[in-house]
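The values are calculated or read from the model by the stated rules, or taken from the named source; none is laboratory data. This structure is a prediction, so every number in the text was calculated from the model and none was measured. Every residue, glycine as well, gets a Cβ built from its backbone with ideal geometry; the counts of neighbours run over all protein chains shown.
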Amino acid sequence: MSLQSVLDISSEPTSFKYCNSLTSYSRFLTREVKIGDVPMGADNPIRIQSMTTTPTLDTQATIDQSIRIIEAGADYVRITAPNITEAKNLEAIKKGIRERGYTTPLIADIHFTPNAAELAARIVEKVRINPGNYADKKKFAVREYSDAQYEEELDRIRTKFLPLVKICAEYGTAMRIGTNHGSLSDRIMNRYGDTPLGMVESAMEFVRICEEENYHEIVLSMKASNTIVMVQAYRLLMNKMMEYGMSYPIHIGVTEAGEAEDGRIKSSVGIGALLEDGIGDTVRVSLTEEPEFEIPIAKALVARYDNRSSHEKIDSASNYSLDPFVHQKRNTVAVKGVGGNNVPRVVADLGHYTRIDQSDLVGLGYTYLPDEDKWNISDMACDFIYTADQSLSFDIPGTLSIIQNSSAWEKSKSKERRYPLFCEMEYFDSTDKSDEINFIAVDIHSLTESFIERVKADKTIVLMFETNNEHGMAEQREMFFRLNEQNCNTPVLLRRNYESDSELETMLSAATDLGALLLDGLGDGVWINNPKVGTEKINSTLFGILQATRTRISKTEYISCPSCGRTLFDLQETTAKIRARTDHLKGVKIGIMGCIVNGPGEMADADYGYVGTGIDKITLYKGMEVVQRNIPAEEAVDALIGLIKHHGDWVDV
């Protein structure tokens, strides 16, 4: 295929199609790829995997950690092999694991060293290569490539890559061609920019070489730490595969997701958005924690789709009206601070409380100081509380408003910052309404053409979308399509009801269900109802989802890699130290990278970077630019703080 024909195909998606259906759940059927005795794709279960963090030359430690990963439930274990010495040691590691009775396939992770990949492919069941690092140049240089020069570069890549393809074919070794957003080559960056399209084309160049050799044991991935970029890249990959008649299995994950609650929410937002549309044949959750802790999260995300295809039918009564490859917030009118250019609002559900006191607002970001008779308000203070039929006996903070059931609101003595919630047509039959803002709870059956027309005519309405469908994200998305089809720009709150008594399960489900919509610019507010989980946990989950979707920033963001054998310092300990001193810097993004592999590139989205460049040696970045090199690790956190202060982003606690 000529370069020009590739560009003609790649310049714009031919359609918005990237999955089987937007309303009826089914997994996209990919071809089966043999990986040892655990095949991937086709009708096989969605596979779970993780990656060791031990030095690859520490044979026993890597064997022991691999077994912990396997016993936690992983189908595959990935091990880094940054050079030929470590690639050779994969043989001893594999032998030790097999002697312990485990047959789990092993994957070698390769970046800059083709000779290491060629050796590893003779030992393990699968190799992962990164096109931007494997055979290409990445010096962040700006230049123009003529078509002839571009073809010359492709010929050079083919020469370097072809030996690995032939070895994999000979040994029956599978290959993941995994593009990372931060690892795009200069050539790709100069022609396509730092875009999802560039990510897809970077992988497709390598896929075409494989197909020319009739080698098809390929898995593809499009990872990024930015969930919007990540989801768009995977969707565009699926679109291109459909266009080219390809069906390779898909490895999904959010790279550098971080740790703790933030890492789990961010992973769920990106991975869940794809799983909801039937995309994904294997999942890796990347946390800055011990790798075995990743497995339960991945298993919980995947388990939601075991019986999803039996969900209640969703009637598609509209045309698909969004570009899935471009993020654009839905255009809405502003109604009393909801919608328009306002950030999404957070609603805390206290409707199940028998009595609401001032102390109940502490977990929602409001602490009453009786001696001073004032409220202390945090950066994660909710905007509304839903009190059902209750009236409060105390004065609320000035930044907080109350939503009440319409019947209770009508009887309320004070209507200041108190607003009614109606059920569907009840609103239009009522004679007592707010002059400022009225909430109407609707489901998909409410959204008839005549109902939407009446809503459009009233600029005090905010709709609250509800769903009881097991495939609720798709149903609520269809509801947006119906509004868009009639050019209705009324703001919408997204509400989901959960019944699990597990905080973790509720958090992962909500991050998937709400996050998938927010990534497409849908939703002007979020609301979770689950009386079995504390309101403080739900509130932090909602703010975490907004942070992960980049729709409302309320805290520091850490773009932190999960560690591996390449890491040059204690990543978990260092991340904890940096977080302890910087977690009050609202809106600042800090990249914490264990090595140079994904360092500068993945930190393209970060304000500051902390990257391992030698044993206990750190290089600091401001954006993509190196500021200080080879700082001793014991001094590096202080140096990072100094850098933040120098650029005016520091605030005292």
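Kindly check whether there is at least one residue in segment 209-223 that is in contact (Cβ under 8 Å) with a residue 60 or more places away in the chain and in a helix (DSSP H, G or I). The answer is no, given that none of the residues of segment 209-223 is in contact (Cβ under 8 Å) with a residue 60 or more places away in the chain and in a helix (DSSP H, G or I). Scan segment 431-453 for residues that are in contact (Cβ under 8 Å) with a residue 12 or more places away in the chain and exposed (fewer than 15 other Cβ atoms within 10 Å of the Cβ) and the total you get is 5. The residues on offer are 523, 515, 534, and the sole one that is buried (at least 22 other Cβ atoms within 10 Å of the Cβ) and either over 12 Å from the mean Cα position of the chain (by Cα) or among the polar types (S, T, N, Q) (or both) is 523. One residue stands out in segment 250-263 among those that are in contact with a helix residue (DSSP H, G or I) (Cβ under 8 Å, 6 or more places away or on another chain) and outside any loop (DSSP other than H, G, I, E, B): the one that is nearest to residue 545 (Cα to Cα), namely 262. For segment 254-303, the tally of residues that are under 22 Å from residue 228 (Cβ atoms), basic (Lys, Arg) and more than 10 Å from the chain's Cα centre (by Cα) stands at 1.
Of the residues examined, residue 325 is one that is farther than 17 Å from residue 509 by Cβ and not assigned by TED's automatic domain parsing to the domain that holds residue 257.
The condition (being touching a residue at least 12 places away in the same chain (Cβ under 8 Å), assigned to a helix (DSSP H, G or I) and among the hydroxyl-bearing types (Ser, Thr, Tyr)) is satisfied by just one residue among 309, 286, 247: 309. When restricted to residues that are surrounded by fewer than 18 Cβ atoms within 10 Å (Cβ to Cβ) and either more than 32 Å from the chain's Cα centre (by Cα) or within 21 Å of residue 217 (Cβ to Cβ) (or both), segment 70-129 contains 15. Evaluated against (1) under 27 Å from residue 325 (Cβ atoms); (2) surrounded by fewer than 19 Cβ atoms within 10 Å (Cβ to Cβ); (3) over 22 Å from the mean Cα position of the chain (by Cα); (4) of a type outside the set (Ser, Thr, Tyr), residue 55 falls short on exactly one condition, (1).
All of 254, 269, 285 fail the test of being in contact with a Gly (Cβ under 6 Å, 6 or more places away or on another chain) and within 21 Å of residue 128 (Cβ to Cβ), apart from 254.
The set of residues in segment 492-512 being surrounded by 24 or more Cβ atoms within 10 Å (Cβ to Cβ) and within 22 Å of residue 447 (Cα to Cα) consists of 492, 493, 494. For segment 82-104, the set of residues classified as assigned to a loop (DSSP other than H, G, I, E, B), more than 16 Å from residue 292 (Cα to Cα) and in contact (Cβ under 8 Å) with a residue 60 or more places away in the chain consists of 82, 103, listed by residue number.
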